[in-house]
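The values are calculated or read from the model by the stated rules, or taken from the named source; none is laboratory data. Computed from a predicted structure; not experimentally measured. Here the Cβ positions follow ideal geometry from the backbone for every residue, glycine too, while neighbour counts run over all protein chains shown. What goes into the accessible areas is simple: the full protein's heavy atoms, side chains included, and nothing from ligands, DNA or RNA. Shrake-Rupley method; radii C 1.70, N 1.55, O 1.52, S 1.80 Å.
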Amino acid sequence: MPRQANSSLFRMLLCMLLPALTTYHAVADVRLPHIFGSNMVLQCGVPAPVWGWASPGEEITITFGDAKMKTTANAKGEWMAKLPPQAAADTPSTLEVAGNNTIVFDNVLVGEVWLCSGQSNMQMGIATCGNAKEDIAKADYPSLRLFKAKLTANGEPQYDCTGEWMVCSPETLGIGDWSSFSGAAYYFGEKLHRELNTPVGLIQSAWGGTRIETWTPPVGFAQVPELKELTESLDKTASQYRNELTPKLDEIETWVNACKSAIQSGAPIPPRPQWPRHPLDTEAFTAFPPTAMTCLYNAMIQPLVPYAIRGAIWYQGESNVGDLNYTDKMKALIGGWRTLWDEGSFPFYYVQITPCALYGEDVPTIWEAQIDALSIPNTGIAGTLDLGELDNVHPANKRDVGKRLALCALAKTYGKKDIVYSGPMYKSMKIKKNKVQLSFEHTGSGLASRDGQPLNWFTIAGVDKQFVPAQAVIEKEKVIVWSDTISKPVAVRFAWDKLAQPNLMNKEGLPALPFRTDTDTSAH
């Protein structure tokens, strides 16, 4: 094997040899990543990749229903084929992959598959949510399937993860680590399943306390010029690791061959040589893996690529409060994932973090960054100003979070007409004497006060930019804002406080999103 100035041998070792050593299968056996399994859902309407590993040159036959394809493992033992587009079907089928051995996956459905990622509010299991006992008892949905990736991190991209597909039921939904499957993801998928009357597969890959950088692939950072320093840092880290690994490749290759011979003969596995640790694989990284940049993309996203999905939902931002580059990092995350999956600009819907007293004072800036990220094509946001618990960063109401994400998908992805999927969003302002007239998008069937009380959490400022509490009333589709102490207003802010739980909404019950007009050029 020729020497290579990269870590491909190291990756092959991790992806092929170590699982073989663990299970004592022959290295020639056909193997697929764990994202494939019985009870899975394959994405309908698109060519669905099926891939794995085998002996170099081994012929692989993939059979699913009437579809049968053949492919051959390349020199690295890698193979891939794509199933032709399948219609959604809740009649179970079998996926068979045959080479020197045969693997059979039973009870496979075809429907809508969504990736569900983020930090603790996405990871938070349904058993810890409000109405948990009642909702878990009713969760008998044979055509709703759940895959939960094991929490793990790595300094190098991995090509498999640990997890298995489960049929959604009261017995499987609420039992497991941190009270099992994501509440936000479950409520999202349950609503899609009922509204679309089609199988739904949910892939949970989320970890509490994590920053957005940890989930972002290097190709995503490279797409955003504003993140040039991060890209250069990643390139330096990868180069350092390759330079340290290269002198060890011959030694590692010798050990790989010795292990193959030992497995085939039944002899003991020889001791593993020492190879360089990745620069991210430090004691601090080991103690708290989610802190290292790209480490969760490496271990919990890359192993899922390119499993066909319809789109992704995302609930994260708490660990990035105060990050002035958060919009750029959203661009990197979304652009990076879309590049990896190569399915075009697939839908990406995300959740506004809730108001909470435990954050710093700059919470409104990350709200603004999340709203600014709507400039990224095919995205949507679920507003949550009415769902927060001021003393809790993990509010219990994930039912409405999931449903609001589902509204985005139903309206924007599945083309359901007459669905209001967003709360009111600031559009423009006009100054008329001592009052400011605000116009909004997504007003639905009209603006309203959630509690029937006067509108709250509006502030107004004059030329001195000193904001004071303001009065506000609804006039048709607009809001009129003023203060008796401001004769020449120039700017308005709404819900610009980490404690804000305002009452402005549309009549469909979706809350208005926070905003400030300080830099708005449309005022006149």
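Points worth noting:
- Computed [θ] at 222 nm, deg cm²/dmol, the chain (DSSP H ≥ 4; -39,500 (n - 2.57); rounded to nearest 500): -6500 deg cm²/dmol
- Value of relative contact order over the stretch 75-232, rounded to a whole percent, pairs C-alpha under 8 Å and six or more apart: 30 percent
- Peptide packing for 39-45, 374-380 was compared via the average number of neighbouring C-beta atoms within 10 Å per residue; ordered from the highest value, the list is 39-45, 374-380.
- Taking amide H atoms as placed 1.01 Å from N in the peptide plane, the amide H of Ala382 lies under 5 Å from those of Tyr350, Val351, Gln352, each 5 or more residues away in sequence or on another chain.
- Using a probe radius of 1.4 angstrom, the carbon and sulfur fraction of the accessible surface of the chain is 51%.
- Shape category assigned to the stretch 286-436 from the gyration tensor of Cα positions, a/c cut at 1.5: oblate
- Tensor-based shape of the stretch 88-160 (alpha-carbon gyration tensor, a/c under 1.5 rounded, otherwise prolate or oblate): oblate
- For the stretch 419-424, backbone phi angles converted through the Karplus equation (6.51, -1.76, 1.60; θ = phi - 60°) give residue-by-residue couplings of 9, 8, 10, 9, x, x Hz, Gly and Pro being listed as x.
- Listed values for the stretch 154-159 are Karplus-derived 3J(HN,Hα) couplings in whole Hz (6.51 cos²θ - 1.76 cosθ + 1.60, θ = phi - 60°), namely 7, x, 10, x, 10, 10, and x replaces Gly and Pro.
- Percentage relative contact order, the stretch 315-395, counting C-alpha pairs under 8 Å, at least six apart: 39 percent
- Principal-axis tilt of helix 183-196 within the chain, Cα atoms, nearest 10 degrees: 90 degrees
- Partner lysines whose Cα lies under 23 Å from the Cα of Lys260, excluding those fewer than 8 positions away in the same chain, are identified as Lys76, Lys248.
- Taking a ≥ b ≥ c as the square roots of the eigenvalues of the Cα gyration tensor, the stretch 362-501 is prolate, since a/c reaches 1.5 or more and a/b is larger than b/c.
- Reachable lysines from Lys133, criterion Cα separation under 25 angstrom, eight or more residues apart if same chain: Lys148, Lys150, Lys191, Lys398, Lys403
- Whichever lysines have a C-alpha closer than 24 Å to that of Lys433, once near sequence neighbours (fewer than 8 apart) are set aside: Lys465, Lys476, Lys478, Lys488
- Average accessible area per residue (Å²) across the chain - probe 1.4 Å, nucleic acids and ligands excluded: 42 Å²
- Relative contact order computed over the chain (Cα-Cα under 8 Å; 6+ residues apart), in percent: 13 percent
- Using θ = phi - 60° and Karplus 6.51 cos²θ - 1.76 cosθ + 1.60, couplings along the stretch 104-120 (whole Hz; Gly, Pro as x): 10, 10, 9, 6, 8, 10, 10, x, 10, 10, 10, 8, 10, 9, x, 10, 4
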